[in-house]
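> Please see the structure below; I have some questions.
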Amino acid sequence: MKIITLLGSAKKKGNTASVLGAFEDEIKSKGHSIERINVAQKNVGGCLGCDKCSVTADEIACIQKDDAIEILEKMIEADVILFASPVYFWGVTAQIKALIDRCYSLITQYGTPEHTSLLKGTPIALLATGADIYEENLEVFSAFNKFVDSVLAPKIGELYVGECGSPADMSEETKARGAEFANSLLEQL
């Protein structure tokens, strides 16, 4: 199975990357292929809202030619997609949000019976870290659920690791939640 992880943190060794690393190590230990894409290191422009992409159902028809196209192609080819982001002001980071917005180019006929998506049926999950408790960050999960629904994908899980200080202060038990999350997702597939 081919799994793509999309890291939305600008910190290559931050809290999100630490928990994601445990997730990825567990996936690899089970013999699956995994590729991490550090979205913060890519050139992904925000959606222009031009709607030129919405007329082509069988290809990515975005008029922008940046790194988003390659990432979207990898997402289409993946068996599972995991978004990983710290929570900034009750949402995903700007880097992940830009990529989510660009996923509009994968959808056609939204809101009609002909609604389809190039990600239709691809399992998607979210791993988020933050300084507050889960209940203080529900908005990030609500918005993510709407995104997953719009691309006609099943959401197979979410993990929130809260009350994160610095990665140096993160316990091995906390990091291990990433491995537990990997196993819970694999059980569903």
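Coordinate-derived values only; no laboratory data. Only a predicted model underlies this, so the values are computations on that prediction, with no experimental measurement involved. Backbone-built Cβ (ideal geometry, glycine too); neighbour counts: all protein chains shown.
> Can you confirm whether Gly14 is surrounded by fewer than 16 Cβ atoms within 10 Å (Cβ to Cβ), closer than 30 Å to Glu135 by Cα and within 17 Å of the chain's Cα centre (by Cα)?
no
> Kindly establish whether Glu158 is more than 12 Å from the chain's Cα centre (by Cα) and either within 17 Å of Thr16 (Cβ to Cβ) or charged (D, E, K, R) (or both).
No, not satisfied.
> Could I ask something else about it? Given the conditions (1) in contact with a helix residue (DSSP H, G or I) (Cβ under 6 Å, 6 or more places away or on another chain); (2) touching a residue at least 40 places away in the same chain (Cβ under 8 Å), and given that Ala68 satisfies all but one, which numbered condition is not satisfied?
All conditions pass for Ala68, except number (2).
> Just to be sure, is Tyr110 over 15 Å from Pro86 (Cα atoms), among the aromatic types (Phe, Trp, Tyr) and either free of Cβ contacts under 8 Å to residues at least 12 places away in the same chain or part of a helix (DSSP H, G or I) (or both)?
no
> A further question follows. Residue check, Thr5 against (1) among the β-branched types (Val, Ile, Thr); (2) buried (at least 20 other Cβ atoms within 10 Å of the Cβ); (3) outside any strand (DSSP E or B), all met but one. Which one?
If we test Thr5 against (1) among the β-branched types (Val, Ile, Thr); (2) buried (at least 20 other Cβ atoms within 10 Å of the Cβ); (3) outside any strand (DSSP E or B), just (3) comes out false.
> Please verify whether Lys120 is in a loop (DSSP other than H, G, I, E, B) and over 21 Å from Glu180 (Cα atoms), treating the condition exactly as stated.
Yes, satisfied.
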